[in-house]
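Okay, structure first, notes after.
Values quoted throughout were computed directly from the atomic coordinates according to the rules given, and no laboratory measurement underlies them. Fair warning: this is a prediction, and the values are worked out from it, not measured in the lab. All Cβ positions, glycine included, derive from the backbone under ideal geometry; neighbour counts span all protein chains shown.
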Amino acid sequence: MYNVNDAVMYASYGVCIIKAIETRDFSGEDVEYYVFQPVGDDRNTFYVPTENSPLLDKMRQVYSKKEVEDLISIMPEESDIWIDNDAQRKEEFRSIIDQGDRRELVKLIKTLYSRKLKLNEGHKKLHSSDERFLTEAEHMLYDEFAYALNIPREQVLPYIKQAIDRAS
C-alpha cells in the first residue's frame, strides 16, 4: 500500500505523486483510488483503483539517488539487445517498456542509441517504431533519474555522461 505524497513510477507516465487516496463512484459503485499527478504536470490527474492488481503491477517506488548512481555505473557494461526481426523486436521492446525494469530500459536505450548513430553514418534513420521506443524509454528513465537526483530532466544525459567519464 502506498501513501499520500509518495513518489511512484507509473507505467510509461513517469514519476507521479500520490495526491490522495479517495473513494469515488465512476461506474456505479464506490471504489478506492490512488489519485496520481505526474511530476511537472499540474494539469493532469488520473485515478488508479487500489484493488486492481494489473494496474498496481505498473507501479513501483522511485529509485533513490544511490540506486540511480549504481545503475549509471553499470551502463557501460550493458549488452546490446538488438533483434533483427522487426515483429520480434517490437514485441520484446514493448515488453521492456511495459515491465519498466530500469536495467532493461538502460539496455534498450543503449541499443537503440547505438543503432541510431550507426544508421546516421549511412544517412539512414531508425524505424519509426524504434524511435518511439527510444523516446518512451528515455522519458521513463530520465524522469526518474531527474527526480531521484533532484536535477532538471535536460541535465540527466550530461550527468550520466559525466559520471561514466569519471569512472573510466
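One table, with the values for the structure above:
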quantity	calculated
Centre separation in Å (Cα based) which lies between the stretch 96-118 and the stretch 18-73	24 Å
Sequence-distant aspartates and glutamates (8 or more away, or on other chains) whose Cα lies within less than 20 Å of residue 124	80, 84, 86
Of 66/90; 19/110; 58/110; 90/118; 58/118; 125/161, those spanning more than 29 Å from alpha-carbon to alpha-carbon	66/90; 19/110; 58/118
Per-peptide average of other Cβ atoms within 10 Å, ordering 14-22, 42-50, 156-164, 103-111 highest first	103-111, 14-22, 156-164, 42-50
Volume of the Cα convex hull of the chain, divided per residue and given in Å³	142 Å³
Structure-based [θ]222 nm, the chain - -39500 (n - 2.57) summed over DSSP H runs of at least 4, per residue, nearest 500	-15500 deg cm²/dmol
Extended-chain gain in nm, criterion 0.36 nm per residue less alpha-carbon gap, residue 124 and residue 157	9.5 nm
Rounded if a/c under 1.5, otherwise prolate or oblate - the stretch 7-61, Cα gyration tensor axes	oblate
Residues with amide H under 5 Å from that of residue 19, placed H, sequence gap 5 or more	5, 35, 36, 37
